[in-house]
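Q: Encoded as C-alpha cells, here's the structure I'll be asking about.
Please treat every number below as a calculation from the coordinates, not as lab data. As the structure is a computational prediction, the values presented were derived from the model and not from experiment. Please note: Cβ atoms are built from the backbone with ideal geometry, for glycine as well, and neighbour counts cover all protein chains shown.
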Amino acid sequence: DKDSDHHRRFLLKLSGEAFAGGGGLGVDPDVVHKVAREIASVVRDGAEIAIVIGGGNFFRGAELQQRGMDRARSDYMGMLGTVMNCLALQDFLEKEGIDSRVQTAITMGQVAEPYIPLRAVRHLEKGRVVIFGAGMGMPYFSTDTTAAQRALEINAELMLMGKNGVDGVYDSDPAHNPEAVKFDALEYSEVITRDLKVADMTAITLCRDNKLPLLVFELLAEGNIARAVKGEKIGTLVSN
Ligand code: UDP
C-alpha cells in the first residue's frame, strides 16, 4: 500500500541501558558503534530512521526520587542523560558516513537543534537520521512515551522498540520464570488487561488510541535492526 518511491519511515526507540554495555552506567563506545553500523546500513538501503534514546544508563527520575531527591528535578537529570546518548550515537553515525541531526526538547543551542517537527521530517526526507533527545522535555514522562509521540507526529509507520537482553514480550518475566512464553503478536488491549511490561501505560495507550503498531525486539542481536525494518518475523508485534 506504499508507493515504490516512498521511503518507509520508522521510529526506533533504543534503551539507554543497552548503551552502557556490561557496565550499567555511562556509554560503552563499542556498543554505540555496533548500533550505529546497523542503523547506517538500513539508512543506506533507503529507510528513513528517527530515533529516541532512553537515559537509564545515567539517571532514572523515579530511582533518584526513592533516594530522597525531588522528582521533577531528578526527571530533568534523566532527560539531560539522554542527550549524552544522542551525541554518542551521532558521532558514530557520522563515522559511518551517515548525516544526522540531534533535536532536543530542552533547548541547548550549542549541541543540538531544538525540536521542530517539520524540520525533522525534512531531514528524514533528505536521508538524514534524526535523533530526538531530552525526552518530551517534561518531568513525569518516559522516553517510551516520547517515542510514541514523536512516531505519531512525524508519521512513522511503525515504532521499533529495541530491548536490552530480551527478544520480545513474554507472558511473565523470562529472567525469573523459565516457563515464560513469548508472544509473536499481541493486541494493546491484552497488554493493558494483563499488565504486561512492554512500555509504560502512557506510551501503550497513546499507541493504542492512535493505532500505531509497535515491534519489540532484541536490540543487540546482530542484524536485528535490518530484520525489523524489513518486516521479518522477529520479536513481538503489538497492534490494535
Ligand atoms: N524523562 C522525563 N521526561 C521525559 C523523558 C524522560 O522526565 O519525557 C526522565 C525520567 O526521569 C526517566 C529518564 O528521563 O527515568 C530516562 O528515561 P527512561 O527511563 O525512559 O530511559 P530508558 O529506561 O528507556 O533507558
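Q: Let me make sure I get this right: for the stretch 48-108, a, b and c are the square roots of the gyration tensor eigenvalues over alpha carbons, sorted descending. Under 1.5 in a/c it's rounded, otherwise prolate if a/b > b/c, else oblate. Which is it? The partial results should precede the final answer.
A: Details: a/c = 3.35, a/b = 2.57, b/c = 1.30.
Note, shape of the stretch 48-108 comes out prolate.
Q: Between ASP99 and LYS211, what's the calculated FRET efficiency when r is the beta-carbon distance and R0 is 30 Å? Round to 0.05.
A: 0.45
Q: Under a Cβ-Cβ cut-off of 15 Å, what is the net charge of the residues other than ALA226 that fall near it, where Lys and Arg count +1 and Asp and Glu count -1?
A: My count for the surroundings of ALA226 gives 0.
Q: While we're on this one: Rounded to the nearest 20 debye, what is the charge dipole size of the stretch 143-190 about its Cα centre when +1 sits on each Lys and Arg Cβ and -1 on each Asp and Glu Cβ? Before the final figure, lay out the partial values.
A: Numbers: 3 positive and 10 negative charges, 47 e Å.
With only Lys, Arg, Asp and Glu charged at Cβ, the dipole is about 220 debye.
Q: If you take the beta carbon distance between THR202 and ARG67 as r and set R0 to 22 Å, what does 1/(1 + (r/R0)^6) give as a FRET efficiency, to the nearest 0.05? If you can, show how the numbers build up before the last one.
A: Details: r = 23 Å, r/R0 = 1.06.
Step by step, r from the Cβ atoms, then E = 0.40.
Q: Turning to a different aspect of this structure: Using a/c under 1.5 as the rounded threshold, could you call the stretch 1-82 rounded, prolate or oblate? The axes a ≥ b ≥ c are square roots of the C-alpha gyration tensor eigenvalues, and prolate needs a/b larger than b/c, oblate otherwise.
A: Oblate is the answer for the stretch 1-82, as a/c is 1.5 or above yet b/c matches or exceeds a/b.
Q: What does the charge add up to near ASP28, with Lys and Arg as +1, Asp and Glu as -1, over the other residues with Cβ less than 12 Å from its Cβ? Please report the intermediate quantities before stating the final value.
A: Working: positive: LYS34; negative: GLU17, ASP30.
Combined, the nearby Lys, Arg, Asp and Glu give -1.
Q: Same structure, new question: So what's the chain giving for Rg/Rh, alpha carbon basis, Kirkwood Rh from the mean inverse pair distance?
A: My calculation puts Rg/Rh at 0.94.
Q: Determine the dipole magnitude for the chain: charges of +1 sit on the beta-carbon of Lys and Arg, -1 on that of Asp and Glu, nothing else is charged, the reference point is the Cα centre, and the result goes in debye to the nearest 20.
A: 480 debye
Q: Looking at SER239, ILE204, LEU219, which one has the Cα that reaches farthest to the positive end of the dipole of the stretch 186-240 (charges on Cβ: Lys, Arg +1; Asp, Glu -1)?
A: SER239
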